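Please treat every number below as a calculation from the coordinates, not as lab data. All values derive from a computational prediction rather than experimental measurement. In this analysis, Cβ positions are derived from the backbone assuming ideal geometry, glycine residues included, and neighbour counts consider all displayed protein chains.
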Amino acid sequence: MKGKILIVMVVAIALLCAGVALAGISATKHNLSSTGPGTVKASAGQQNDEICVYCHTPHFANTGFTGAPLWNKATPAGSYTMYGTTIAGTTPDATPNGITKACLSCHDGVSAINSIVNEAGSGKSGPANVAFGTTAAGTAFTMPAGATNLGTSLADDHPVSITYTAGKASLNPTTTTLTGWTGASTIADLLRNGKVECSSCHDPHTSATSLFLRVSNSGSALCLGCHGK
Ligand code: HEC
Ligand code: HEC
Ligand code: HEC
Ligand code: HEC
């Protein structure tokens with residue numbers, strides 16, 4: 001009897017661990033389906049019970065977001081203020097690159113989170129704003145005020161769409177090994193076309209750390225990965 005209970009417990013613990021390991025994006029606030037764990041999401045009963053569809057589509061993708069694969073959202077209409085010329089001297093690009101614009105297409109506070117080019121299921125009806133939360137189809141649902149709404153000024157954010165030059169701002173060589181980071185084993189893996197973008201520091205799918213960070217910033221490990229301070 002005791003042996004049986006032990007076996008059941010071992011199996012239960014193994015299943016629990018597997019569940020944690022496999023959790024991935026479904027356990028994060030980027031699961032915008034009606035069963036997602038966040039508060040910003042589709043309401044129950046809608047056809048949009050998919051996860052990837054709010055960012056990716058297998059067909060009819062918006063190719064205007066260079067670097068953001070199979071992007072399923074409309075291009076943001078407005079413009080952005082970039083970080084000023086840095087002390088280290090490198091000027092960011094005049095406008096955010098596609099991969100950073102992909103994040104801003106939900107996080108700038110003016111672009112519609114519920115904008116979709118190719119809706120779930122059969123038929124392409126977008127780009128259109130789908131029904132979302134308590135917002136009806138056709139109406140834009142934008143990021144609520146708060147820390148996740150970065151606004152359209154990136155002047156107060158770590159520079160993005162900026163070339164990584166080893167030596168400037170004590171930046172480590174791009175060949176530097178990174179241990180325990182999601183999706184990167186060297187600094188080169190963090191760069192997009194040689195530049196720092198939002199996805200250099202964040203992996204929008206990971207549940208391994210809080211705030212989608214590629215490595216926990218405990219002890220400022222994220223910052224120290226690039227800056228040899
Ligand atoms: C909130 C937006 C968002 C959602 C939801 C999302 N992705 Fe992504 N995905 C991105 C972004 C942004 C990138 C580019 C990341 C980068 O530059 O590292 C990406 C990249 C990818 C890539 C290519 C790079 C890689 O890591 O392999 C794949 C494959 C991918 N996503 C699959 C998925 C799948 C499958 C789902 C649903 C289970 C999903 N994504 C949901 C935003 C999202
Ligand atoms: C389809 C819309 C969408 C896209 C695209 C998107 N996000 Fe988000 N993100 C959200 C929503 C919704 C939340 C939850 C907001 C809230 O509850 O305040 C969120 C939350 C976050 C959070 C906070 C997570 C937490 O647990 O508190 C971070 C960090 C984040 N996103 C980073 C990014 C980055 C970086 C990108 C691009 C690589 C990105 N997001 C792309 C919709 C999006
Ligand atoms: C140099 C690394 C780095 C870059 C680049 C970066 N972030 Fe972050 N981000 C962080 C860290 C570290 C945190 C957590 C600490 C904090 O909030 O300051 C964070 C937090 C966030 C949060 C959550 C804020 C909160 O308090 O809930 C959001 C949303 C976010 N980032 C989105 C973005 C977007 C969008 C971009 C690109 C425009 C971006 N990040 C670029 C490092 C970065
Ligand atoms: C992916 C690599 C990377 C990571 C991670 C990173 N940085 Fe940076 N950081 C850069 C680059 C590239 C620059 C631009 C340097 C230049 O001007 O040539 C920069 C610039 C800076 C600057 C100088 C801004 C100025 O006006 O000159 C500060 C301060 C800074 N980073 C702080 C941080 C902090 C704090 C963190 C952690 C939250 C962090 N960085 C994480 C790559 C990174």
Checklist line | Anisotropy class of the stretch 32-100 from Cα gyration tensor, a/c 1.5 cut | finding: prolate
Notebook entry, point to check: Rule-of-thumb check for the chain: C-alpha Rg over 2.2 N^0.38 Å?
Noted result: 1.16
Next item on the list: Hey, can you grab everything whose amide H is under 5 Å from the amide H of residue 171? Only 5+ residues off in sequence or another chain; H modelled, so Pro and N-termini drop out.
Entry: 228
Item checked: Extended-chain gain in nm, criterion 0.36 nm per residue less alpha-carbon gap, residue 174 and residue 87 -> 29.3 nm
Margin query: For the stretch 131-192, take the convex hull of the Cα atoms, compute a quarter of its surface area, and give me that in nm², please.
Written below: 7.2
Item checked: Footprinting exposure proxy for 87, 162, 25 (fewest neighbouring C-beta atoms within 10 Å first) -> 87, 25, 162
Notebook entry, point to check: What is the stretch 140-229 by shape, rounded, prolate or oblate, if you read a ≥ b ≥ c off the alpha carbon gyration tensor as root eigenvalues and call it rounded for a/c under 1.5, prolate for a/b larger than b/c, and oblate otherwise?
Noted result: prolate
Notebook entry, point to check: Which shape class, rounded, prolate or oblate, goes with the stretch 107-158 when its Cα gyration tensor gives a ≥ b ≥ c as root eigenvalues, a/c under 1.5 marks rounded, and past that a/b bigger than b/c marks prolate?
Noted result: prolate
Notebook entry, point to check: Once phi is turned into ³J(HN,Hα) by the Karplus curve 6.51 cos²θ - 1.76 cosθ + 1.60 with θ = phi - 60°, what whole-Hz value does each residue of the stretch 136-141 show in order, with x for glycine and proline?
Noted result: 6, 4, x, 9, 6, 9
